[in-house]
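Enquirer: Below is one structure. I have some questions about it.
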Amino acid sequence: MSACPTPATAKHSLGDHVADKGAQLYAKYGPQIAWQQLQEVLLDRSLVRYPCTVDFSTDGLRDGELAYPHPLGDTPEDGFSIRVHPLFMTELELVPHLVLYQLVAVNYGEFASSDDAEAFGAAALGLDPQDYYDSLCRLADQLDGCGCG
């Protein structure tokens, strides 16, 4: 009989799993994940568990928030609209960085952490995790400078 996993073991296991899913995404859609590839990723149920679309809107975004997955119903199966700050509507090449981070919350809900989102996004884009994190910080800095946060 095996012992129940500890919370730390389960957390480590989820981190490994999301990084592996990110690597699968990179292998299938990379090395360059642009707007068109992102649309294909969102339809791929082997990588994105629930239906998702991208919506450029500040509805529901908190001050300084770049994006978030807005549920479209009472259950995850109803799908999500990934709300992305409209500032990025003219920079579609940057949108995958924002959306990939949010997909971990779509796929794993409250069990996912920011570390998991960074691990997934970095692996999906073929980036070092620190480089991915730095890119997200640069995108957040754009909101700070636009007076639109």
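A short reminder: the numbers here are calculations on the coordinates, not readings from a lab. What you are looking at is a predicted structure, and each value in this text was computed from that prediction instead of being measured. In this analysis, Cβ positions are derived from the backbone assuming ideal geometry, glycine residues included, and neighbour counts consider all displayed protein chains.
Enquirer: Kindly check whether there is at least one residue in the range 95-105 that is free of Cβ contacts under 8 Å to residues at least 24 places away in the same chain and within 14 Å of Glu65 (Cα to Cα). Let's see the steps before the verdict.
Expert: At the first step, the residues of the range 95-105 found to be free of Cβ contacts under 8 Å to residues at least 24 places away in the same chain are none.
Looking through the range 95-105, none of the residues is free of Cβ contacts under 8 Å to residues at least 24 places away in the same chain and within 14 Å of Glu65 (Cα to Cα).
Enquirer: Something else: Quick check on Glu118: is it closer than 17 Å to Ala140 by Cα and under 11 Å from the mean Cα position of the chain (by Cα)?
Expert: yes
Enquirer: Would you be able to say whether some residue in the range 35-55 is within 17 Å of His97 (Cβ to Cβ) and small (Gly, Ala, Ser)?
Expert: Taking every residue of the range 35-55 in turn, none turns out to be within 17 Å of His97 (Cβ to Cβ) and small (Gly, Ala, Ser).
Enquirer: Could you please let me know if Ser114 is free of Cβ contacts under 8 Å to residues at least 40 places away in the same chain, of a type in the set (S, T, N, Q) and surrounded by fewer than 18 Cβ atoms within 10 Å (Cβ to Cβ)? Before the answer, list the steps.
Expert: Numbers: free of Cβ contacts under 8 Å to residues at least 40 places away in the same chain: yes; of a type in the set (S, T, N, Q): yes; surrounded by fewer than 18 Cβ atoms within 10 Å (Cβ to Cβ): yes.
Answer is yes for this residue.
Enquirer: I want to confirm something. Restricting to the range 15-56 and keeping residues that are over 26 Å from Thr90 (Cβ atoms) and touching a Pro at 6+ places or on another chain (Cβ under 8 Å), which single residue is surrounded by the most Cβ atoms within 10 Å (Cβ to Cβ)?
Expert: Tyr50
Enquirer: Let me ask something else about it. Could you say which residue among Tyr101, Tyr108 is within 23 Å of Gln36 (Cα to Cα), aromatic (Phe, Trp, Tyr) and assigned to a helix (DSSP H, G or I)?
Expert: Details: Tyr108 fails: within 23 Å of Gln36 (Cα to Cα).
Unique residue meeting the criteria: Tyr101.
Enquirer: Okay, next question. Among the residues of the range 23-38, which ones are of a type outside the set (Val, Ile, Thr) and either within 13 Å of the chain's Cα centre (by Cα) or assigned to a loop (DSSP other than H, G, I, E, B) (or both)? Can you show your working first?
Expert: Of the range 23-38, the ones of a type outside the set (Val, Ile, Thr) are 23-32, 34-38.
Hits for the range 23-38 are Leu25, Gly30, Pro31, Gln32, Ala34, Leu38.
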